[in-house]
Amino acid sequence: MSGAGAGVGAVAGAGVGRAPLHVSAAAWATALGTGLDEVWEQLLAGRTGQGEAPSAEPLRNHRVAALPPGTDGDEDPDADTVARHLAVATATGARTLAGAGLGPDDAGDVLVVIGTSLGPHADRPGPSLYDWVAEAARRLGSRREPVALSTACSSGSDAIAVAADLLTAGVAERCLVGAVDLLTPNKRRGHSRLRTMSRGEPRSFDRDRDGMLLGEAGGFLLLETAASADARRAPCLGLLTGWGASNNALGPTEPDASGTAAARAVRAALDLAGRDPAEVAVISTHGTGTVLNDAAESAGLALLWPPAGAGAGSAAGAGAGPAAEAGAGGGAGTGSAAEAGSGPGAEAAPEPVAGAGPRSVAGDLPGSAHDTASGRADGAGTGAGPVAFATKGALGHSLGATGVVEAITVLLALRDRRVPPVPHLERVMDGFPLRLPVGRALGIGGGCGLSQTLGFGGFNTCLLLEPAPAGRPGEGGGR
């Protein structure tokens, strides 16, 4: 990825003015099922995919959001973790290709890009991450060398950003990009010992949040250049117009409490797309439900969309914020923050009002002022600016897969102009700057959407997505 400003620790793709990239299809495998609209409707209805998964380990919580038995590609309950990751990647990728109108004979020149956190390697030494990604690409019919990457919980988002850079650079015309992360004993044990695992229910941005619960997922997009999509009259689920990343450079699990690094990733994506914070209608937050990560994410959002009465912060200048920013370059080293703990928050004001206001000067981080005066269970309240939402309370934290899954939710939110309620959220944390859907789905206005991931290792990544242009045929992977 090319630099987004000297010394700011953020990276983005090629400059403003290039044609947008088309998302021609999407598919996923989640704890709520595999159908794109089936899962989306369950999220809108406030359902969750959590259930008991007994373990001999003394875990903080035995509940997880696992793939249902018999999930497409994951039918063998006795398969080892490598076989499961490979099977889910192959099945979900194949459904994506089919949704894009590409048959087996069309997949040869498709470049496959797959991300994961540890994949199956937390519990066994081999084969390498690249080996199983290469085997997945072969089974999917691609004749090209694939790209495998791992940047903790930002892996899926970074896979999309890397694919976007490759498309923009002319390396490929079409990329099948995705991520898969399935549960293993060591992943559960590790998060329990880190105390990032909730003892009860995950409550993103709630005053009483105490952690997350793990989940399983696979998600894929067929991303292609505008020229390729136009030439074959491809279906279109939406557009990818911006992507950016940063790194906290603080430590393996420590988030940047100031939110400066996370805000830089968002600003890089906005600048690349030529968009202003006031044009954002919806944001899929990382929303782990941990004390520290939610607080850091809230602080970063407040730099772009300050609460009423707060001055506009600046996170674009070199040296801003207490944490030194890592130099950035390349796709796989894009950024995020830690998953430890939880913090305070603000009352939701979730009326479906899209952000509005004057455009800001590039490099600034201002936004609309918001009234965050309501915390009622129905989400009543007033305010301007984007609606934020979080799905980890329903789908679990699927680690490296979460970025692709959550990008798909943004595309569906833009398509339907609705966002699902935040599961288990009752009392919004003090100081949260945006509106959150509490207890029910909310409508949103027109505009673009952001998907943000903050992972271990300080990896922050943001994707900017836009609705499909009018007149495009069908909706790849949609209804």
- request: Restricting attention to segment 200-224, report how many residues are surrounded by fewer than 24 Cβ atoms within 10 Å (Cβ to Cβ) and within 23 Å of Val23 (Cβ to Cβ).
  value: 0
- request: Tell me which of these Asp158 doesn't satisfy, since it passes every other one: (1) crowded, with 24+ Cβ neighbours inside 10 Å; (2) free of Cβ contacts under 8 Å to residues at least 40 places away in the same chain; (3) among the acidic types (Asp, Glu).
  value: (2)
message: So Ala231 ticks every box in (1) crowded, with 20+ Cβ neighbours inside 10 Å; (2) farther than 30 Å from Arg427 by Cβ; (3) aliphatic (A, V, I, L, M) but one. Which box is left unticked?
response: (1)
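Conditions tested, residue by residue: (1) of a type in the set (Gly, Ala, Ser); (2) in contact with a Lys or Arg (Cβ under 6 Å, 6 or more places away or on another chain); (3) farther than 26 Å from Gly455 by Cα; (4) not in a helix (DSSP H, G or I).
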{"site": "Ser55", "(1), (2), (3), (4)": "yes, no, no, yes"}
{"site": "Asp72", "(1), (2), (3), (4)": "no, no, yes, yes"}
{"site": "Leu86", "(1), (2), (3), (4)": "no, no, no, no"}
{"site": "Asp109", "(1), (2), (3), (4)": "no, no, yes, yes"}
{"site": "Val113", "(1), (2), (3), (4)": "no, no, no, yes"}
query: (1) out of contact with any helix residue (DSSP H, G or I) (no Cβ under 9 Å at 6 or more places or on another chain); (2) surrounded by fewer than 23 Cβ atoms within 10 Å (Cβ to Cβ); (3) within 24 Å of Cys175 (Cα to Cα): which one isn't true of Thr92, the others all being true?
result: (2)
task: Scan segment 190-204 for residues that are among the hydrophobic types (A, V, I, L, M, F, W, C) and touching a His at 6+ places or on another chain (Cβ under 9 Å) and jot them down.
output: Met197
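Would a scan of segment 274-287 turn up a residue that is buried (at least 24 other Cβ atoms within 10 Å of the Cβ), in a helix (DSSP H, G or I) and in contact (Cβ under 8 Å) with a residue 60 or more places away in the chain?
Within segment 274-287, one or more residues are buried (at least 24 other Cβ atoms within 10 Å of the Cβ), in a helix (DSSP H, G or I) and in contact (Cβ under 8 Å) with a residue 60 or more places away in the chain.
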task: Please enumerate the residues belonging to segment 239-283 that are in contact with a Lys or Arg (Cβ under 6 Å, 6 or more places away or on another chain) and under 30 Å from Ala100 (Cα atoms).
output: none
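Any read-out appearing in this document is the output of simple, stated calculations on the displayed coordinates, not a laboratory observation. None of the values given here were measured: they were computed from a predicted structure. No Cβ is skipped: glycine too gets one built from the backbone with ideal geometry, and neighbour counts run over all protein chains shown.
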